[in-house]
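Asks: My structure is below; once you've seen it, I'll send some questions.
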Amino acid sequence: MSGFVTLLGAGPGNIELLTLLGKRRLEHADVVIYDHLVNPDLLSYAPANADFLYVGKKPYQKHISQDEINDLMRVQAEAGKKVVRLKAGDPFVFGRGGEEGQYLREHNVEFEVVPGLTSAITGLAAAGIPITHRDYASSFHILTAHQTGSQPLNWDSIAQMEGTLVFLMGVAELHTIVTELLKRGKTATTPVAIIQWATQWRQNTGIGTLSDIEAIVKRQHISSPALIVIGGVVNLSQQLSSHRALERKHILMPFSTHTRTHDLLADAGASIDFFNLGDQQSHDVDLPDFNQSGRLVITNLRAFEYLQQQMMQVGLDQRALSGWQLLATNNLIKERLQQRGVLVDHVIDLANLNATDWVVGEQNDLSTMSFDDSNVDRQLMTYTDIFKQQSISSPDTFDAVVVTSKRACLALVHGLEPDQLKQIQTVPVFTLGDKLATFLSDNGFQSVTNVGNLAQMVPHVKKVIKND
Ligand code: SAH
């Protein structure tokens, strides 16, 4: 069976700026080949057991040659794999996507192109710069200042262009760009913007004119990758850029799927980095005799779901519990069960269990609870959380950590590499509920805030973290 290559546009970096088709392709990838410019968080859309091959091409650096990348795609596809070649922005805007397609066609490897949002347009919008505007520019010109292997730029005609000029791969050539344009009649007051890591938490924007942009770039330590924008539209940046409460804040949040908390923080302008919650291993347990009446204490929703699955395997559904009292160990579990159509009789404190109660929960959790000896046989440990060690990129860059479940707390404490955990323990953490806050403080996190409820999350994070 022959495989297939998708030349996939990753967009400018913010992971929600991927297309729906792009997401679907990643979800089914066997192999993902990606570069330096691609936000590594996008890889979390791919199956955890896919192969992730970093071909870290940086400008002016020959890490791995284009020929090697081409061969890699071909070999993987010929082995029958679904290969996603993940490329920054749009695959056909610079970045050699066209050449990769030609190579695949020449070698009879089936492929498709899935467009992405190009940084050359959307990167400007992230800094409040519309690439066209009736008052300033009715055309735009996207150029690369990186000359290797292409025709020299015709500065005479570039300087004549009326539309917005956008240079990619241009930071190292900024001096040449400025000098050539000034020499050919652009005025020193022509507005210029330079936008590094557009749409991401590390976005760094410098705004000036042809006369002072070089000094601004030095002062603000702006480097590659960046877009250089020249033209009147740059003047709109002040008016059109967004100033949301958590603009450009970098937040670490352990979660496996998108949550409401994620959306709230992202909508306030933060960039959220995933941290995987790990896996779960379910276990068969000795089921109680449901013909007898009894009390079932639910300490964990997932554990109850695994119990239901096991009951289902022997032909039992919720009706088997009709003679039973159902108790939850906190209100959240009670509410969530109710949302699933299961009514909880009441919430019970673990200290008040009866010796005859059946307790369903996660293995490690139940092991740390102190039970009456007679109750030991009645523990239904239906699954175990497995936290594989993970590393995160640049732990020193986070402004905040947000954790909203016990499992997320455990994933951080047991899943982070020890050195990284030490660093993350110094970052302000925000959580929901006293129990989680106490757990985190007990586990070495130095600044823990219980925000109480979700609506308070954004205001609290904003108040506590530095506003630079
Ligand atoms: N195919 C890409 C461009 C690849 S060329 C696209 O459509 O966006 C690489 C150049 O793209 C970088 O040197 C930089 O100029 C620009 N670039 C890509 N992503 C960027 C980002 N998030 N912020 C600023 N510049 C970016």
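The values are calculated or read from the model by the stated rules, or taken from the named source; none is laboratory data. Because the structure is a prediction, the values reported are computed rather than measured. Quick reminder, even Gly has a Cβ in these numbers, built from the backbone with ideal geometry, and neighbours come from all protein chains shown. Areas reflect the complete protein model, heavy atoms only, side chains present, ligands, DNA and RNA absent. Shrake-Rupley method; radii C 1.70, N 1.55, O 1.52, S 1.80 Å.
Asks: I need to check one value: relative contact order of the chain, counting alpha carbon pairs closer than 8 Å and at least 6 residues apart, in percent. It would help to have the intermediate numbers written out before the result.
Replies: Details: 905 pairs, mean separation 50.2, N = 468.
Reported relative contact order: 11 percent.
Asks: Okay, moving on. Name the long-range amide H neighbours of LEU416: under 5 Å, sequence gap of 5 or more, or other chain; modelled H, no Pro or chain starts.
Replies: HN-HN under 5 Å from LEU416: GLN390.
Asks: Any idea of the accessible area per residue across region 188-285, 1.4 Å probe, to the nearest Å²?
Replies: 43 Å²
Asks: Further, regarding this structure: LYS388: which aspartates and glutamates have alpha carbons under 18 Å from its alpha carbon, excluding same-chain residues fewer than 8 sequence positions away?
Replies: ASP41, ASP51, ASP273, ASP279, GLU362, ASP365, GLU417, ASP419
Asks: Right, another one. Under 1.5 on a/c is rounded, so check that first for the chain, then, if it is not, pick prolate when a/b is larger than b/c and oblate when it is not; a ≥ b ≥ c are the square roots of the alpha carbon gyration tensor eigenvalues.
Replies: The shape class here is prolate.
Asks: Run through the DSSP bridge list for region 4-117 and note the antiparallel percent, rounded to the nearest 5. If you can, show how the numbers build up before the last one.
Replies: Values: 2 of 20 bridges.
Percent antiparallel among DSSP bridges in region 4-117 is about 10.
Asks: Residue by residue through region 181-188, what is 3J(HN,Hα) from phi via Karplus (6.51 cos²θ - 1.76 cosθ + 1.60, θ = phi - 60°)? Round to whole Hz and write x for glycine and proline.
Replies: Working through the residues one at a time gives 5, 5, 4, 9, x, 5, 7, 5 Hz.
Asks: To the nearest 500 deg cm²/dmol, what mean residue ellipticity at 222 nm is calculated for the chain from DSSP H runs of n ≥ 4 alone, each contributing -39,500 (n - 2.57), summed and divided by the residues?
Replies: Helix contribution divided over all residues of the chain: -8000 deg cm²/dmol.
Asks: Using θ = phi - 60° and the Karplus form 6.51 cos²θ - 1.76 cosθ + 1.60, what ³J(HN,Hα) does each residue of region 247-252 get, whole Hz, x for Gly and Pro?
Replies: 3, 6, 7, 10, 10, 9
Asks: So if I take the centroid of the Cα atoms in region 182-211 and the same for region 411-425, what is the distance between those two points in Å?
Replies: 39 Å
Asks: Now, a different point. What are the residues whose amide H is under 5 Å from the amide H of LEU380, where those residues sit 5 or more places off or on another chain and H is modelled from the backbone?
Replies: The answer is VAL359, VAL360, GLY361.
Asks: Now for a separate question. Percent antiparallel among DSSP beta bridges with both residues in the chain, to the nearest 5?
Replies: Counting DSSP beta bridges with both partners in the chain, the antiparallel share is about 30 percent.
Asks: Assuming a ≥ b ≥ c are the square roots of the Cα gyration tensor eigenvalues, decide whether region 121-240 counts as rounded (a/c under 1.5), prolate (otherwise, with a/b larger than b/c) or oblate.
Replies: Verdict is rounded for region 121-240.
Asks: Let me ask something else about it. Could you provide, to the nearest whole Å², the per residue accessible area of region 323-468 with probe 1.4 Å?
Replies: It amounts to 51 Å² per residue over region 323-468.
Asks: How about region 265-355: which trypsin sites (Lys or Arg not before Pro) there are in a DSSP loop, with at most 12 other Cβ atoms within 10 Å of their Cβ?
Replies: Sparse-neighbourhood loop trypsin sites (Lys or Arg not before Pro): ARG340.
Asks: Once you order the gyration tensor axes a ≥ b ≥ c over the Cα atoms, which shape class does region 4-117 get: rounded for a/c under 1.5, otherwise prolate or oblate by comparing a/b with b/c?
Replies: On the way: a/c = 1.36, a/b = 1.12, b/c = 1.21.
Here region 4-117 falls in the rounded category.
Asks: Still on this model: Tell me, what HN-Hα J-couplings in whole Hz come from the Karplus equation 6.51 cos²θ - 1.76 cosθ + 1.60 at θ = phi - 60° for each residue of region 77-83, using x for Gly and Pro?
Replies: Whole-Hz 3J(HN,Hα) from phi for region 77-83: 5, 5, 7, x, 8, 8, 9.
Asks: In addition: Could you please report the charge total around GLN281, scoring K, R as +1 and D, E as -1 over all other residues with beta-carbon less than 13 angstrom from its beta-carbon?
Replies: -2
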